Ligand code: DGL
């Protein structure tokens, strides 16, 4: 359903389109909704083809173009690629293909890390696809060529985040630090061992800032912090991306007028719409969300 679009020189009531391979992008949507409460949004979680991380980057680029095309057809005024892997694989192609602003999450996360580090030793954890693309390295070096970067692919963290959300002990909201020892019960020790294997080399490299280069990772921040302690700052691109979105819309005179009702629509490409609604609500901290199924027939992956 296309929203009735109010555009004048100073406002545009069309929705912001946001997508990810799954639940992770909801961490970005949450920040956007917090910063821009008057904006309507359309979210697509491509759960049927999740995870993107181990896939070939060309394939992820095709998924990205396909989903952007769908969001454009729904009348979105701006698209946020709330997935680092899709940003690395498809942001440039999408920006060239469509005539609305398209924003990724890698530049925002890189900027936040560059601003935050004192020692100029920065770690990046992300999916295999994102690390292989070198997109974070390039973005950070573009901002400060003197920064030493230590990158690590941490693919199991995507699975742990999804398992944590779905774990039967998990009855609280992500902001209540729910993905923690209590949530995982007996599995906690195993996940802590995996986190140690991934993160201890970064501690040994003496980083003072770690970029959570996957939008799933804020969901398991307590697990990551348990290993890193308090002396390493964690950077998630969600907040910085929301700032970018606000600034782009403001400069273009395209913020919502606030005069029409705000709507948040959710789609998943999987058939499990109830499951997406249940666990999506945990990430968002909402009581209820309604989720519709979206069929994307051309590229089944
Ligand atoms: N949320 C995706 C990202 O930020 C990762 C999940 C996946 O592998 O699909 O890269």
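Compute the whole-percent fraction of alpha carbon pairs in the range 30-157 spaced more than 20 Å apart.
Values: 3952 of 8128 pairs.
Of all Cα-Cα pairs in the range 30-157, 49 percent lie more than 20 Å apart.
How much length, in nm to one decimal, is gained on full extension between residue 295 and residue 208, taken as 0.36 nm per residue of separation minus their Cα-Cα distance? Before the final figure, lay out each step's value.
Working: separation 87, 0.36 × 87 = 31.32 nm, distance 4.33 nm.
Taking 0.36 nm per residue and subtracting the Cα distance, the gain is 27.0 nm.
Using only the alpha-carbon atoms of the chain as identical scatterers, what base-10 log of I(q)/I(0) does the Debye formula give at q = 0.10, 0.11, 0.16 Å⁻¹?
For the requested q values the scattering log ratios are -0.51, -0.62, -1.33.
Helix 57-73: angle to the longest alpha-carbon principal axis of the chain, degrees 0 to 90, nearest 10?
Helix 57-73 and the main axis of the chain meet at about 30 degrees.
By how many degrees, between 0 and 90 and to the nearest 10, does the Cα long axis of helix 156-166 differ from the longest principal axis of the chain?
60 degrees
Return 78, 255 ranked ascending by Cβ neighbour count within 10 Å, so the fewest neighbours appear first. Each step should come with its number before you reach the end.
Details: 78 22, 255 19.
The fewest-first ordering by Cβ neighbours comes to 255, 78.
Could you give the alpha-carbon Rg of the range 1-94 over 2.2 N^0.38 Å, rounded to two decimals?
Values: Rg = 13.6 Å, N = 94, 2.2 N^0.38 = 12.4 Å.
For the range 1-94, the normalised Cα radius of gyration comes out at 1.10.
For 149, 67, what ranking results if the residue with the fewest other Cβ atoms within 10 Å of its Cβ goes first?
Working: 149 20, 67 28.
Ordered by Cβ neighbours within 10 Å, fewest first: 149, 67.
Roughly speaking, what is the stretch gain from residue 96 to residue 186, that is 0.36 nm per residue apart minus the C-alpha to C-alpha distance, in nm to one decimal?
Numbers: separation 90, 0.36 × 90 = 32.40 nm, distance 4.82 nm.
Working it through step by step, the gained length comes to 27.6 nm.
When the chain is fully extended, how far beyond the present Cα-Cα distance does residue 35 get from residue 288, taking 0.36 nm per residue of separation? Working shown, then result.
Values: separation 253, 0.36 × 253 = 91.08 nm, distance 2.04 nm.
Result for the pair: 89.0 nm of gain on full extension.
Any chance you could tell me what percent of the C-alpha pair distances in the range 199-301 go past 20 Å?
Details: 3317 of 5253 pairs.
Roughly 63 percent, rounded to a whole number.
Counting alpha carbon pairs within less than 8 Å and at least 6 residues apart, what relative contact order, in whole percent, applies to the chain?
For the chain, the relative contact order is 27 percent.
None of the figures in this text is laboratory data; all of them are computed from the coordinates on show. This structure is a prediction, so every number in the text was calculated from the model and none was measured. Heads up, the Cβs are rebuilt from the backbone with ideal geometry, glycines too, and the neighbour counts pull from every protein chain shown.
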